[in-house]
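The values are calculated or read from the model by the stated rules, or taken from the named source; none is laboratory data. Predicted, not measured: the structure shown is a model, and the values here were computed from it. Backbone-built Cβ (ideal geometry, glycine too); neighbour counts: all protein chains shown.
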Amino acid sequence: MRFTYYASLVIAVLMTAFQSHAQNRKPDGDETVYNLYLDNLVTDRNKAMEICEIYLSGIDSTKAGIHTAALCDSLAQWYEKEKFQFTKAINLMEQALSIYHKEHCADKEADIKYKLGRMYLKINQYHKTLAYAHDAALYFTYSRNTEKYLDCCNLLGIVYHICMDYDKSTDYFAKMAKGAREINDTSRLAAALNNSALLAGTLKDTLKAENIALEAARLCIATRDTAVLCQCYLNLASQFIGRDSTKAENYLALAKEYLTDIDMAGDYHRIYGMLLISENRFEKATNEFEKALTYYAEGEFNTKRLFCLNILYNIYETSGKEQEAYAALKEYHRIDKSTSDKNTYFELFQTQNDIILKDEHLKLEEAKARQQFAWLSAISLLTIAILITWYVFKRKKMRIRQNEAELRNQQLLYEKKQQEIQSKKEILEIKQMQQYKIDKILKKVMDKLDKLSGSINNEPVKEEINALCSDLKNTREENSWKEISLYVPEFNSELFNDLVKAFPNLSINEKRLLALLNINMTTKDIAKITMQSPHSINIARYRLRAKLGLTGSDKTIQEFLSEFKKKEENISENE
């Protein structure tokens, strides 16, 4: 054991010396441009980074070395932390990772993987965050780099929180807090407590969330960590929205003193806007959300922009500001089309998590097998080890081939399904906008009829007018469903014919709701298309679950439809 330990130290020293020598060599690209970059690095950092990008663009990727990788890393962090352009930062980091992998710089490679995981989190690609952060955490565990391992734990805790695996999220935040206490790292402890407070808030444990966030803020004040302190105050303000407006406003005032970048500034105005909505101060709320959008537009914050636009659309729609509502809706769909489906990333995250769990399970099984074989004689151990190595290699190779084939098939099916869904959604969006205009006209007519009814004393005439209003409303809802039926062929598919036979008590509207859920439409989208409130759609979904026998089950309606379809296909094949 001691020999192995000292041997690893010698190898690490040699690798460090090699990397240091490589970094001091001449630049891989145009030396004149590189010197110009160095001249501006201290006096004008932004200009230096622009020159650095020009320098990197002129380098042959096949000849790039560690020096180029370090520049890619530096430029990527500038894009991430100062320009908030995460996609550009990711592309540069991927280049650096490729170079470090080629040069066998394991420590640098692990560090880049952690940074990539952090950046992919910003653009909602949770499966990639999980893969990179997990790989980096493994390396830092074996290399005993506690600080960087704790950073990976923090990142893994955040991504599991977002993807609603709260047990694992709790475990990783606890690991980070424990490790930070052991090495007396107050800054990392404050970050762990702040994230734990956010998790407690998600789990509706408001008292715990408040206490932990206050403890995190106290630690930040002691260490003068203003970035985390600002996040703590914003977190506390969020906790008190709808409960204690005065406290929420006080914490927002404290946070305002430490706003250092566009992300924090956007979050401040977004949270303040939510506070104003809770107080029914909608006019001021719109101003705050518009300010938040202004900040978010300076960087790559598509998810936060969509949230603000959705709120603004609802406020403008309710207050009768049609042009502003239409502008918000149009901008929402423009951004939404360029942003990948979040549910897809959740599914990819779950798949990546399953792969990691299987890999850990296999490693555990192999470790048990090695422990059992240790009791055998030296000759038997050698023979069995050779056989096991050969068997594992062949099995792993076969499993890799099978997985690759399955992944290719799944990718093809997924792409085909996504194309179908996208095509249907685009048609439905067009019909939705047309229906939106028609409904506005109908609403104005019904409002005028209501006013006319109120001014007439003749009861028979008033009843006729009220009946006419009711007919117009029913006709509008029925026509809305008919329009949808024309562009969603699932209504008359073989699958739904089988569903009708299996569940004859389904109403026509419940069948229509099933068809829309089958193409992965959200409650909000269905509500918009059918011109009903999200609350009405949720009630309809609850009744539908009851008729399908899903009450008390964790299974979603989409999962039920998928299983039902597979069951019917198996029956058809057997026949």
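Observations
- Residue selected from region 309-334 under the condition touching an Asp or Glu at 6+ places or on another chain (Cβ under 8 Å) and either at pLDDT 90 or above or aromatic (Phe, Trp, Tyr) (or both), by the criterion farthest from Leu121 (Cα to Cα): Tyr316
- Flag for Arg305 being over 29 Å from Arg334 (Cβ atoms) and either surrounded by fewer than 18 Cβ atoms within 10 Å (Cβ to Cβ) or touching a residue at least 12 places away in the same chain (Cβ under 8 Å) (or both): no
- Counting residues in region 85-105 that are over 27 Å from Phe140 (Cα atoms) and of a type outside the set (Asp, Glu) gives one or more.
- Hey, Gly157 in contact (Cβ under 8 Å) with a residue 24 or more places away in the chain, closer than 20 Å to Asp135 by Cα, in a helix (DSSP H, G or I) and more than 24 Å from the chain's Cα centre (by Cα) or not: no
- Residue count for region 110-147 satisfying the condition of being within 17 Å of Ala76 (Cβ to Cβ) and either of a type in the set (Lys, Arg) or out of contact with any helix residue (DSSP H, G or I) (no Cβ under 8 Å at 6 or more places or on another chain) (or both): 5.
- Breaking point among (1) among the small types (Gly, Ala, Ser); (2) in contact (Cβ under 8 Å) with a residue 24 or more places away in the chain; (3) part of a helix (DSSP H, G or I); (4) more than 26 Å from Leu155 (Cα to Cα), for Ser238: (4)
- Pairs meeting the criteria (first residue in region 501-516 and at negative phi, second residue acidic (Asp, Glu), beta carbons under 7 Å, at least 6 apart or on different chains) are Ala515/Glu490.
- Test: residue in region 119-135 that is at positive phi and either touching a residue at least 60 places away in the same chain (Cβ under 8 Å) or under 15 Å from the mean Cα position of the chain (by Cα) (or both): yes
- Restricting Ala197, Ala248, Ala213, Ala222 to residues that are on the phi < 0 side of the Ramachandran plot, assigned to a helix (DSSP H, G or I), surrounded by 22 or more Cβ atoms within 10 Å (Cβ to Cβ) and more than 25 Å from the chain's Cα centre (by Cα) narrows the list to Ala248.
- Region 165-176 residues that are in contact (Cβ under 8 Å) with a residue 24 or more places away in the chain and farther than 12 Å from Leu198 by Cβ, paired with ones that are surrounded by 15 or more Cβ atoms within 10 Å (Cβ to Cβ) and of a type outside the set (A, V, I, L, M) (beta carbon under 6 Å, 6 or more apart): Lys175/Cys153; Met176/Cys153; Met176/Asn154
- Residue within region 124-138 that is crowded, with 23+ Cβ neighbours inside 10 Å, modelled with pLDDT of 90 or more, part of a helix (DSSP H, G or I) and in contact with a Ser or Thr (Cβ under 8 Å, 6 or more places away or on another chain) present: no
- Residues of region 70-80 satisfying the condition of being among the aliphatic types (A, V, I, L, M) and either more than 28 Å from the chain's Cα centre (by Cα) or surrounded by fewer than 21 Cβ atoms within 10 Å (Cβ to Cβ) (or both): Ala70, Leu71
- Condition check for Ile529: touching a Leu at 6+ places or on another chain (Cβ under 8 Å), closer than 30 Å to Glu415 by Cβ and in contact (Cβ under 8 Å) with a residue 60 or more places away in the chain: yes
- Count - residues of region 251-262 that are among the hydroxyl-bearing types (Ser, Thr, Tyr), exposed (fewer than 15 other Cβ atoms within 10 Å of the Cβ) and more than 25 Å from the chain's Cα centre (by Cα): 0
- Checking Ile54 against (1) free of Cβ contacts under 8 Å to residues at least 60 places away in the same chain; (2) within 28 Å of Ala106 (Cβ to Cβ); (3) among the hydrophobic types (A, V, I, L, M, F, W, C), the condition it does not meet: (2)
- Scanning region 407-442 for residues that are at pLDDT 75 or above and surrounded by 11 or more Cβ atoms within 10 Å (Cβ to Cβ) yields Leu407, Gln410.
- Total residues in region 156-190, condition buried (at least 19 other Cβ atoms within 10 Å of the Cβ) and of a type in the set (D, E, K, R): 2
- When Ala106 is tested against (1) out of contact with any Lys or Arg (no Cβ under 7 Å at 6 or more places or on another chain); (2) surrounded by 19 or more Cβ atoms within 10 Å (Cβ to Cβ); (3) among the hydrophobic types (A, V, I, L, M, F, W, C), just one condition goes unmet, and that condition is (2).
- Leading residue by the ranking (farthest from Lys122 (Cα to Cα)) among those in region 253-302 that are hydrophobic (A, V, I, L, M, F, W, C) and free of Cβ contacts under 8 Å to residues at least 12 places away in the same chain: Ala253
- Members of region 76-115 found to be assigned to a loop (DSSP other than H, G, I, E, B) and over 20 Å from Ala64 (Cα atoms), listed by number: Phe84, Gln85
- Enumeration of residues in region 373-386 that are surrounded by 10 or more Cβ atoms within 10 Å (Cβ to Cβ) and out of contact with any helix residue (DSSP H, G or I) (no Cβ under 9 Å at 6 or more places or on another chain): Leu382, Thr383, Ile386
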